[in-house]
Structure formats: structure tokens, C-alpha cells
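First comes the structure, then the notes that go with it.
Just so it is clear, none of the values below were taken in a lab; they were calculated from the coordinates. Just so we're clear, the structure is a prediction, and the values are computed from it rather than from any experiment. Reconstructed Cβ throughout: ideal geometry from the backbone, glycine too, with neighbour counts over all protein chains shown.
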Amino acid sequence: MNFVEAARDQQEVFKVALTLMLFGGMSVAFGLKKFLTKRKVEDTARSKISSAPQGLVEVEGQAWPTIARKCLDGRPVCFWSIRVQEYRRSGKSSSWHTVYSYATSDEVLVLDESGACLVHPENAQLEITERTIPRNKMSSVQMEFLAAAAPMAARYFNGGTGFWNSFTGGNVRVIEAKLLAGGPVYVRGEFRTSADQTHAVAVGDIASYSGQLKKMNSQAYQRVMFDTNRDGKLSEDELINGYSAAANAFLRIGGVQSVKVSGKITAESEHGLILADIYQGYLVKRAAFISMAGIWGGLALVGAGLFIFFKQIGL
């Protein structure tokens, strides 16, 4: 091996070490962000909507749409966002690049047994589980839905859904986030009342649905209707799917109703706005797991990068 080849190999080793340290640092930063979210959620007192004070509040309940929308699996949603990504190669490196993004901005109703309020999702920190769908896994129905709901996104899926696409369609994917209608919702933000907005428009029969909330919130009802695997514990998915399925009957009625609202929660410069697709207790557990995984995983990557670096320079 000549000097030039040795120098080139050394540069490659340094690149690997620096890459590990870079991604490790990013992972640690992400983990710390989730840890701060966990602390914010834990440190804020939860309020009933009807008696929520002016200022920073934390409420939880069920999400309800003000405009009729659906997501890729056909279920009604209150909030929906997608990112279309292409897998691109440049030299020896390759990565996913976002080529199109879209998010709804409709106000969302939050209901609990005491009342209702509006949430304006603009500038919210979304704590919503994302789902990744490769193009070659999308059905023709989902393709048609994208063409209607987000025409600019549909042009990246012109490869179709046939046999050949099952092999070639993996270079494009959709990352979807959704807040299901009727599903659990947690909100932390700035609450304000307004004499100009005491009512809001809601899709479907929200009055009848609100009358059933106390029954649906009971442990006896949830054990029978939500606990699908009968293990005595409600997972995030069971809770989300159970509540949203229960809401469908009231959403299918069609039309709109006027509902009294106690106020509106928005993002504010000091406190921001957190919008999650699950209740507070579940959100704390989710954030704790992600933060620890990010921090410890990141530190491991940084350590590996430093080990390679110091070994290469002979220390």
C-alpha cells in the first residue's frame, strides 16, 4: 500500500468517526428535547375544560373535527399531515429527501365530560405517532385518495400499484401523522376565553356523542370494548382505535351541529403548544422511553466515534 492509498484510507476512517459523533450528538439532542417535553407535561396541572383558568393550561379528552376529513386508511380525522420522501443517491452517500409536505390547519374541538374548547394547531409541537408507507405498499384506493386530497403529492406516485411497482416503488414513501376523530387528545397551551366566539361548528352528532362520554370513559366499558387482546391493560393503539371506532357512528350521521365552547387554546411565545394523540399518562411514558433511547443511543455512537478517532491517531 503506497502513501496515497494509506492517506485515503485514513480519511475514510476519520469520516466514519465524525459521522458517528455527528449522528450521536443529534440523537442526544433529540433525546434531551423529549426529556424537556416530559418535564413540561408532568409539571403542568390538568384542568377540566369548563373550569380552565386563563393562561397556561393542560387539558385532555376526545378530539372532534370542525371540518370533515379522512386519512389514508379512510378513517375520519381532526388533523392530518403527510411528508412525501424520495430516496436519492449522491456518490457514495444516500438518504431520504422530503419533496412535498402538507398539513391541515383546521381548528380542533377537545371534549371532556365538563365541556368543550377549541385548539388552533398552528405552530404546535406535535406529539403524534407517525406511520411510514412505501409507495409499493400503497393500494389503488390510497393512491386515488392522495390524488384528491393532495394533488401535488400524487405526482410522485405515478408508478402505479402493479407487479413491477412492487419492485421499483420503494424509492418513494409517505410519512403520515393523524389525530383521529373521537380519539384521545392531550393539549398544553395558552387558554383564552372570547366573548366573540362562544360556539363552534362540529361535524356529525356531537351532542349525542358527548352524552356517551361518561360511559365510554368507564373502566368497565373499556375492558369490554377497547381491550381487544383481553390482557387487562389498554395499550395506546387499543385506546386510540377504541375511541375512534366508537365515534364513527356519530360522525356518519352527517351534517354539522353548533357546540358551546369555553375558549380556545393556542401557541404562545413563552409556553408554546403541545398537541398529542394520547392522554397525559401515556404521553409521559412515551416521551420517557424515547428520551432515554435517544440519549443513551447517542452517547454510544459518540463514544464509538471517539474510540475510532483516537485509535486512528494512535492515542
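For the chain, rounded, prolate or oblate, judged on the Cα gyration tensor with a ≥ b ≥ c (square roots of eigenvalues), a/c < 1.5 rounded, else prolate if a/b > b/c? It is prolate, given that a/c is not under 1.5 and a/b is the larger ratio.
The dipole here belongs to the range 12-312: it is taken about the Cα centre, uses +1 on the Cβ of Lys and Arg and -1 on the Cβ of Asp and Glu, and is about 820 debye.
For the chain, the longest principal axis of the C-alpha atoms and the axis of helix 280-312 are separated by about 10°.
Packing, as the average of other Cβ atoms within 10 Å across residues, places the peptides 112-119, 125-132, 198-205 in the order 112-119, 198-205, 125-132, highest first. At what distance in angstrom do the alpha carbon centres of the range 179-222 and the range 60-105 lie from each other? Here the two parts' Cα centres lie 24 Å apart. Taking only Cα atoms and a 10 Å spring cutoff, compute GNM fluctuations for the chain and point out the largest among 43, 277, 196. Taking springs between Cα atoms under 10 Å, the residue moving most is 196.
Stretching residue 192 away from residue 96 to a fully extended chain increases their span by 30.5 nm, per 0.36 nm per residue minus the current alpha-carbon distance.
From zero outward in steps of 5 Å, how is the percent of C-alpha pairs of the range 68-159 spread across the bins? Percent of pairs per bin, in order: 2, 10, 19, 21, 17, 12, 8, 5, 3, 1, 1, 0. Computed over the range 161-270, the percent of Cα pairs more than 23 Å apart is 52. Length gained on full extension, residue 19 to residue 310: 103.3 nm, using 0.36 nm per residue less the C-alpha separation.
Work out the charge dipole of the range 200-284 with +1 on the Cβ of Lys and Arg and -1 on the Cβ of Asp and Glu about the Cα centre, then indicate which of 284, 259, 274 is farthest towards its positive end. Checking the options against the dipole of the range 200-284, the answer is 259. Dividing the helix sum by the residues of the chain, where each DSSP H run of 4 or more adds -39500 (n - 2.57), gives a mean residue ellipticity at 222 nm of -13000 deg cm²/dmol. Computed on the range 12-312, with alpha-carbon pairs under 8 angstrom and 6+ residues apart, the relative contact order is 32 percent. Counting 0.36 nm for each residue step from residue 113 to residue 268 and taking away their Cα separation leaves a gain of 53.2 nm. One way to sum up the overall shape of the range 26-82 is the equivalent ellipsoid from its Cα gyration tensor, whose semi-axes run 27, 23, 8 Å, largest first.
Compute the long axis of helix 3-43 from its Cα atoms, compare it with the longest principal axis of the Cα atoms of the chain, and write down the angle in degrees, 0 to 90, nearest 10. Here the helix axis deviates by roughly 20 degrees.
The angle separating the long axis of helix 140-149 from the principal Cα axis of greatest extent in the chain is about 70 degrees.
This ranking places 67, 82 by how few other beta-carbon atoms lie within 10 Å of each, fewest first, which gives 67, 82.
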